[in-house]
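Asker: Structure below; questions to follow.
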Amino acid sequence: MEDRIVRAISSDGMVQAAAIYSRNLTERARQIHKTLPVATAALGRALAGASMMGNALKGQGASLTLQIKGGGPLGTVLAVSDNEGNVRGYVTNPQVELPLRADGKLDVGGAVGHEGTLTVIKDLHMKEPYVGTIDLLGGEVAEDIAGYFVESEQIPTACGLGVLVDRDQSVKSAGGYLIQLMPGATEDTIVKVEGGIMAAGNVSAILDKDDDPEHLLREVMSDFDLKILETSPVEYRCYCSRERVERALISLGKGELESMLREQGDVVRGSLRAKDDTDVAAVARSFGGGGHVAAAGFTLSCTLDEARRLVDEALAATFASDEEGACRA
C-alpha cells in the first residue's frame with residue numbers, strides 16, 4: 001500500500017485528527033542513510049510527525065522543518081516536509097546501536113537524548129519564518145511534538161508515532177496520528193480521546209495488522225463519529241537546489257549556524273583521480289581514507305589552506321619520481 005495521510009473531524013466539530021501510514025518513505029530513508037534500527041525508528045517517527053504537520057500548512061510552496069537536538073548519540077534528528085506532506089530527513093549518526101529497553105523495545109529516547117530542544121520552523125513565504133522551540137519532554141518524539149503544540153501554539157494535542165523494524169533491519173510498518181482539540185471542547189471530549197488512545201494500544205502494531213491510516217484513526221477515536229475530510233498520498237521527496245539550501249540556512253538564523261559550525265569544526269573532504277595507472281589510494285590512505293587505484297577520497301579535520309598544504313606535501317613525497325600521474329584534490 002502507498003504511503004498516505006488521512007484527515008478527519010468529529011461530527012460535533014470538537015476534535016480534528018490526522019493519521020499517516022509511512023512505511024515506504026521510512027524504508028527509503030533507511031536505505032539512503034543506512035540507518036541501524038534505533039536510528040531508523042527515531043528518524044521514522046520524526047518523518048511521520050513532520051509529514052502530518054507539513055500537510056496541514058496552507059499556501060503553495062510552504063514547508064515545515066522539525067529539528068530535534070536531545071544531546072544523545074544520534075545527534076541531530078531533522079525532518080523537512082512540504083505543504084503536501086512529502087518529506088525527507090536525516091540523523092547525524094545513523095550507525096548508532098544501543099541495548100534494547102527492559103521491555104524489549106528500541107531505546108529511541110536514549111538515542112535521541114532527554115535534555116535538549118525540539119524546534120519547528122514554518123516557512124510560509126512571509127518576511128520571516130515562524131520558529132518555535134521547546135525543551136524536550138523525553139526524546140521519544142511523539143510526546144515532544146504534542147508538547148510543542150501545547151506550549152508554542154496552545155493547542156491541546158495527542159500524538160502517537162511508531163516504527164516497527166523487522167529482523168533484517170528493514171521497516172515492517174510505520175506511521176502515527178495527531179489528535180487536536182478544537183476551541184470549546186469539554187472535559188467529556190478529553191476523557192473520550194484519552195480513553196480511545198489507551199484502548200487502541202501500540203501504533204506500529206495496529207499498522208502492522210492493517211496498514212490503512214483511516215483504520216488507525218478509527219481505532220484511536222473509537223468513541224467518536226468521524227467525518228473523513230481528505231486522503232493524500234505522500235512520499236520521501238528531496239528538493240535539491242542551491243536556492244532551497246540557502247533559504248533553509250537563512251531560516252535557521254545566525255546563532256544556530258554558528259553553533260553548528262562550532263560543533264562540526266573545520267572539515268575538508270578530498271577526492272583524488274589519477275590520469276593513468278598511478279595508485280592514488282596510497283595518498284588517500286595516508287590521511288585515513290581509501291578507495292581504488294584510480295579514484296580515492298579522504299577527510300581532514302583542518303582548514304582548507306592547511307589541507308592543501310598537507311596534500312601537496314603528500315603528493316610531492318609519493319610521486320616525486322612520477323609527477324605525470326599526479327592529480328588534484
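What follows draws every value from the coordinates through simple rules; no lab data is involved. Predicted model, so just to flag it, every value in this text is computed and none were measured. Neighbour counts are summed over all protein chains in view; Cβ atoms, including those assigned to glycine, are modelled from backbone coordinates with ideal geometry.
Asker: Would you mind ranking 52, 126, 221 by Cβ crowding within 10 Å, fewest neighbours first? Walk me through the numbers before you get to the answer.
Answerer: On the way: 52 30, 126 10, 221 22.
Ranked by crowding around the Cβ, least crowded first: 126, 221, 52.
Asker: Aspartates and glutamates within cross-link reach of residue 254: Cα-Cα under 16 Å, excluding same-chain residues under 8 positions apart?
Answerer: Straight-line reach from residue 254, under 16 Å: 128, 246, 263.
Asker: At 0.36 nm per residue, and after removing the present C-alpha to C-alpha distance, how many nm does the segment from residue 194 to residue 239 gain when stretched out fully?
Answerer: 12.4 nm
Asker: Along the charge dipole of segment 1-63, pointing to its positive end and built from +1/-1 on Cβ of Lys, Arg, Asp and Glu, which listed residue (31, 9, 50) has its Cα farthest out?
Answerer: My answer, from the dipole projection, is 31.
Asker: Kindly state, to the nearest 0.05, the FRET efficiency for residue 12 paired with residue 166, given R0 = 51 Å and r defined as their beta-carbon distance. Working shown, then result.
Answerer: Numbers: r = 40 Å, r/R0 = 0.79.
With R0 = 51 Å, the Cβ-Cβ based efficiency is 0.80.
Asker: A further question follows. Can you pull the one-decimal nm distance between simple spin-label points at residue 155 and residue 210, each 7 Å off the Cα toward Cβ?
Answerer: The modelled label-to-label distance comes out at 2.6 nm.
Asker: Still on this structure, I have one more. Determine, from the Cβ-Cβ distance of residue 58 and residue 249 and an R0 of 22 Å, the FRET efficiency 1/(1 + (r/R0)^6), rounded to the nearest 0.05.
Answerer: Here the calculated transfer efficiency is 0.35.
Asker: OK, next. Order of 254, 127, 227 from fewest to most other C-beta atoms within 10 Å?
Answerer: 127, 254, 227
Asker: Now for a different question. Grab the other residues whose beta carbon is less than 14 angstrom from that of residue 107, score K and R as +1, D and E as -1, and report the net. Don't skip to the answer; put the middle values down first.
Answerer: On the way: positive: 45, 101, 105; negative: 97, 103, 140.
Its environment carries a net charge of 0.
Asker: Calculated from DSSP H runs of 4 or more alone, at -39500 (n - 2.57) each and per residue, what is the 222 nm mean residue ellipticity of the chain, nearest 500? Provide the component values of the computation, followed by the final result.
Answerer: Details: 11 runs with 118 residues, N = 329.
About -11000 deg cm²/dmol.
Asker: Another question, then. Can you work out the FRET efficiency for the pair residue 34 and residue 286, with r the C-beta to C-beta distance and R0 = 35 Å, to the nearest 0.05? Working shown, then result.
Answerer: Numbers: r = 26 Å, r/R0 = 0.75.
E(calc), rounded to 0.05, equals 0.85.
Asker: A follow-up question, please. Compare the peptides 170-183, 195-208 by average per-residue count of other Cβ atoms within 10 angstrom and give them in order, highest first.
Answerer: Packing proxy ranking, top to bottom: 170-183, 195-208.
Asker: Which far-off residues, 5 or more places away or on another chain, put their amide H under 5 Å from the one on residue 164, with H placed in the peptide plane?
Answerer: 172, 173, 174
Asker: Let me ask you something else. Note down the nm distance, to one decimal, between modelled labels 7 Å out along Cα→Cβ at residue 267 and at residue 102.
Answerer: Distance between the two pseudo-spin positions: 3.7 nm.
Asker: Can I ask one more? Using mean Cβ contacts within 10 Å as the protection proxy, how do 61-72, 9-20, 34-45 order, highest first? If you can, show how the numbers build up before the last one.
Answerer: On the way: 61-72: 22.2, 9-20: 20.2, 34-45: 26.0.
Packing proxy ranking, top to bottom: 34-45, 61-72, 9-20.
Asker: Report, in listed order, any pair from 34/105; 69/122; 58/209; 172/209 with a Cα-Cα distance greater than 22 Å.
Answerer: Violating the 22 Å Cα-Cα cut-off are 58/209.
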